[in-house]
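Engineer: Quick one: this structure, given as structure tokens, is what I'll be asking you about.
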Amino acid sequence: MDLALDGRRAAVAAGSRGLGRACAAALAAEGARVAICGRDAAAVEAAAAADGLVPIVADVSSPEGATGFVRDARDALGGVDILVANAGGPPPGTFAQITDPQQYADAFALNALSTIAMCLGTVPAMQAQRWGRVVAITSIAVRQPIPTLILSNTARAGVTGFLKTLAREVAGDGVTVNSLQPGLHDTDRIRALGGGADVAAGIPAGQLGQPADFGAICAFLCSPHARFLTGAAIPVDGGADAGLQ
């Protein structure tokens, strides 16, 4: 299927590795012009060179950094039609282990305020041109909290509420807003948290997700074919979530 993304301008946050990079690569393969960011200049430049992307060094763990990224992406591309909001996850821990409220504030800045800032920097222009796509990468933890990830569970649930509200407000302007909720994928983040091939037994699909498969779903959501799909929080988890909603 031709996703009709040729010439569209996409900003993919934290796009130098993992699921962000997979989304950036999928969009570029469909003809979009893509800017990515990351904190490590060498990693960003290597990923950009490999996939034909525009590298931007930025740290989206704060609203200021997130705002700076979309500003620089807009300048480099001449505008932003597609935003893939993404950031790394906060440190693991339980309620008993996370005892400083500032840790929750930091997690909220990383996984909620950063996305809000990126939307503030891009969505009004999308509304003005009557076309735009926002896809936020959150976590399956929004549906089913993950033990030892209380910070991520909390912050990502909050940003999901924001995204749903935003989707309803801008739907009439030709802008869709959705989130993708990854389960276990074969990424550095999952390996760092102790995941690997041994956890695949708990996934009905029988294997860890591949980043490229995730990227393909993201690219479809960014296409004109998905124009009537908005306000959705879509699990991409190989069937791991057993809930009905």
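Engineer: Under 12 Å from a point placed 7 Å out from the Cα of L120 along the Cα-to-Cβ direction: which residues of the stretch 51-73 have their backbone N that close?
Structural biologist: 63-68
Engineer: Starting from the exponent 0.38 and prefactor 2.2 Å, build the expected Rg for the stretch 200-245 from its residue count and divide its actual Cα Rg by it.
Structural biologist: After normalising by residue count via 2.2 N^0.38 Å, the value is 1.33.
Engineer: Which Cα, out of G79, G183, T138, lies furthest along the positive dipole direction of the chain (beta carbon charges, K/R +1, D/E -1)?
Structural biologist: G79
Engineer: At q = 0.13, 0.15, 0.18 Å⁻¹, what log₁₀ I(q)/I(0) does the stretch 9-236 have when each alpha carbon counts as one equal point scatterer in the Debye sum?
Structural biologist: Reported log10 I(q)/I(0), two decimals: -0.70, -0.95, -1.39.
Engineer: Using unit Cβ charges (K, R positive; D, E negative) and no other charged atoms, how large, in debye to the nearest 20, is the dipole of the stretch 9-236 about its Cα centre? Mind dumping the intermediate values first?
Structural biologist: Values: 16 positive and 17 negative charges, 106 e Å.
Dipole of the stretch 9-236, to the nearest 20 debye: 500 debye.
Engineer: Set the Förster distance to 22 Å, then compute FRET efficiency between I234 and M1 from the Cβ-Cβ distance, nearest 0.05.
Structural biologist: 0.80
Engineer: A further question on this structure: What Cys residues in the chain have no fellow cysteine's beta-carbon under 4.7 angstrom?
Structural biologist: Cysteines lacking a close Cβ partner in the chain: C37, C119, C222.
Engineer: Test of understanding: what is the full-extension gain from Q207 to D75, defined as 0.36 nm times their sequence separation minus their Cα-Cα distance?
Structural biologist: 43.5 nm
Engineer: Sort V54, V60 so the one with the fewest other Cβ atoms within 10 Å of its own Cβ comes first.
Structural biologist: V54, V60
Engineer: In deg cm²/dmol, rounded to 500, what helix-only [θ] at 222 nm does the chain give when every DSSP H run of at least 4 residues adds -39500 (n - 2.57) and the total is split over its residues?
Structural biologist: Calculated mean residue ellipticity at 222 nm is -12500 deg cm²/dmol.
Engineer: For the chain, what's the relative contact order in percent, using C-alpha pairs closer than 8 Å and at least 6 residues apart?
Structural biologist: Here the relative contact order equals 20 percent.
Engineer: Based on other C-beta atoms within 10 Å, arrange S152, S223 from fewest to most.
Structural biologist: Going from least to most buried by this count: S223, S152.
Read the figures in this text as sums done on the coordinates, not as results from a lab. The shown structure was predicted, so the numbers you read here are calculated from the model rather than taken from an experiment. Don't worry about glycine lacking a Cβ; one is built from the backbone with ideal geometry, like all the others, and counts go over all protein chains shown.
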